[in-house]
Amino acid sequence: MTSDPRVLFAAERTLLAWQRSCLTLMGFGFLIERFGLFVKFLHAQGQTTVASEAPWAHLIGLGFILAATVLAVLASVQHQRLLRTISASDVPSHYWLPLAPAMIWLTALLGGVVATYLIAQG
């Protein structure tokens, strides 16, 4: 690999872009899942004649959240592989390399917690 610290910073920007994508997918999945619950509530109250497809909304929303969680883990693994190719001289002194991967692992963990919560809610 080249001796250029910009490679490290580009890798971290890419990882954080993956994290933003994962958070967006998780948010979208949660929105879909909760919208299905809202439609089911309206149907139960007699305020809509739309047949409730809450189980489908639940599964689709959960699928988005789980996909985002897996994507976060895979992005972190890819980032770690790239970090192994960067020499120690390319890393600025006192730069904390584990910060970006820790953030994406936290995202994956929280995605797993939300998915578990939604599965438990049924």
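The values are calculated or read from the model by the stated rules, or taken from the named source; none is laboratory data. Values in this document were obtained by computation on a predicted structure and should not be read as measured data. Positions of Cβ are backbone-derived with ideal geometry, glycine not excepted, and every protein chain shown enters the neighbour counts.
Looking for something loosely packed, with under 15 Cβ neighbours inside 10 Å and β-branched (V, I, T) - is there at least one such residue anywhere in segment 105-117?
Scanning segment 105-117, I find at least one residue that is loosely packed, with under 15 Cβ neighbours inside 10 Å and β-branched (V, I, T), so the answer is yes.
How do the pairs read when you match residues in segment 2-25 that are under 12 Å from L83 (Cα atoms) and β-branched (V, I, T) with residues anywhere that are assigned to a helix (DSSP H, G or I) and at pLDDT below 95, using Cβ under 6 Å and keeping only pairs 6 or more apart or on different chains?
Short answer, once both residue conditions are applied: none.
Condition first: in contact (Cβ under 8 Å) with a residue 24 or more places away in the chain, hydroxyl-bearing (S, T, Y) and not in a helix (DSSP H, G or I). Now tell me which residues in segment 73-94 satisfy that.
T85, S87
Please find, within segment 76-122, the residue that is nearest to Q19 (Cα to Cα) out of those that are under 15 Å from the mean Cα position of the chain (by Cα) and of a type in the set (S, T, Y).
Applying the filter and picking the extreme gives T107.
Answer with yes or no whether V50 is modelled with pLDDT under 90 and surrounded by 14 or more Cβ atoms within 10 Å (Cβ to Cβ). Walk me through it before giving the result.
Working: modelled with pLDDT under 90: yes; surrounded by 14 or more Cβ atoms within 10 Å (Cβ to Cβ): no.
In short, no.
Which is aliphatic (A, V, I, L, M), under 26 Å from V7 (Cα atoms) and either in a helix (DSSP H, G or I) or touching a strand residue (DSSP E or B) at 6+ places or on another chain (Cβ under 6 Å) (or both), of A67, A100, A57?
Working: A67 fails: under 26 Å from V7 (Cα atoms); A57 fails: under 26 Å from V7 (Cα atoms).
Exactly one residue qualifies, and that residue is A100.
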